[in-house]
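The next block holds one structure in the form of structure tokens; read it before the comments.
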Amino acid sequence: MSDLYSTLSSVLSDRYAQNAARIRELAAPLSGSQFWRRPFPYGNSFGHLVLHLTGNLNYYIGAQLAGTGYVRDRPREFNDPNPPSKDEALQRFDDALAMVRDAIGAQSPDDWTRAYSGVGATALNRLDMMVQCAAHMQHHIGQMIYLAYEWKRQAKPSSE
């Protein structure tokens, strides 16, 4: 059973690290303006998705599992009139990812099956919530890919 526990912790931690690396890779070529603006008249900006993922992880894992005391303001994740700089938003995201990876490492084998509760959560236990948050990141990475490709397309000269 300890092999399963070690594998589980390693796989989850690696998945979160890979998701974070992909977000960083997609954000790198964006200017500060592109990071916060929407290339379409609908949807969210890349930056607001970063704020949303940061809030999601800080609440569902930080406040509920790691006991950080984080208080979430979900609406502000999408409409903050004075968002932080691109670098600061990404640093906050990195900090949230480090906390998640620490929380994963802090779980004992029995902790994974402990009941979970959080506002809006459907997870039955801690493992379920960790998997749901990783899947939630993947969902928004798909949106971020679309946004990054659109910014790249708009930057190309019209003769191409």
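Note down the net charge around S117, summing +1 for each Lys or Arg and -1 for each Asp or Glu among other residues with Cβ under 14 Å from its Cβ. Before the final figure, lay out the partial values.
Numbers: positive: R114, R126; negative: D128.
For residues surrounding S117, the net value is +1.
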Round to the nearest 10 and give me the degree value, 0 to 90, for the angle of helix 2-27's Cα axis relative to the longest principal axis of the chain.
10
Tally Lys/Arg at +1 and Asp/Glu at -1 over every other residue whose Cβ is under 12 Å from the Cβ of A27; what's the total?
0
Between N125 and residues 5 or more places away or on another chain, which pairs have amide H atoms under 5 Å apart, with H built 1.01 Å from N, and which residues are they?
Y116
How far apart, in nanometres, would the label points at F40 and A106 be if each is projected 7 angstrom from Cα along the Cα-to-Cβ direction?
3.8
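Return the calculated 222 nm mean residue ellipticity for the chain, to the nearest 500 deg cm²/dmol, obtained by summing -39500 (n - 2.57) across DSSP H runs with n ≥ 4 and dividing by the residue count.
Numbers: 6 runs with 100 residues, N = 160.
Roughly -21000 deg cm²/dmol at 222 nm, from the helical runs in the chain.
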Report the extension gain between V131 and S6 in nm, rounded to one decimal, defined as 0.36 nm multiplied by the number of residues separating them, less their alpha carbon distance.
43.4 nm
Can you give the angle from 0 to 90° between the axis of helix 126-155 and the longest principal axis of the chain, with both taken from C-alpha atoms, to the nearest 10?
10
Could you check the spin-label model distance between D87 and K156? Points 7 Å from the Cα along Cα→Cβ, value in nm.
3.2
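Determine, for each peptide in 140-152, 65-77, the mean count of other beta carbons within 10 angstrom over its residues, then list the peptides with the highest first.
Details: 140-152: 16.2, 65-77: 13.8.
By packing density, highest mean first, the sequence is 140-152, 65-77.
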Select one label from (i) 114; (ii) 131; (iii) 99: the one whose number is volume of the Cα convex hull per residue in Å³ as derived from the coordinates shown.
(i)
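The numbers here are math on the coordinates, done by the rules we state, and not lab data. None of the values given here were measured: they were computed from a predicted structure. When we count neighbours, we look across all protein chains shown, and the Cβ atoms used for this are built from the backbone with ideal geometry, even at glycine.
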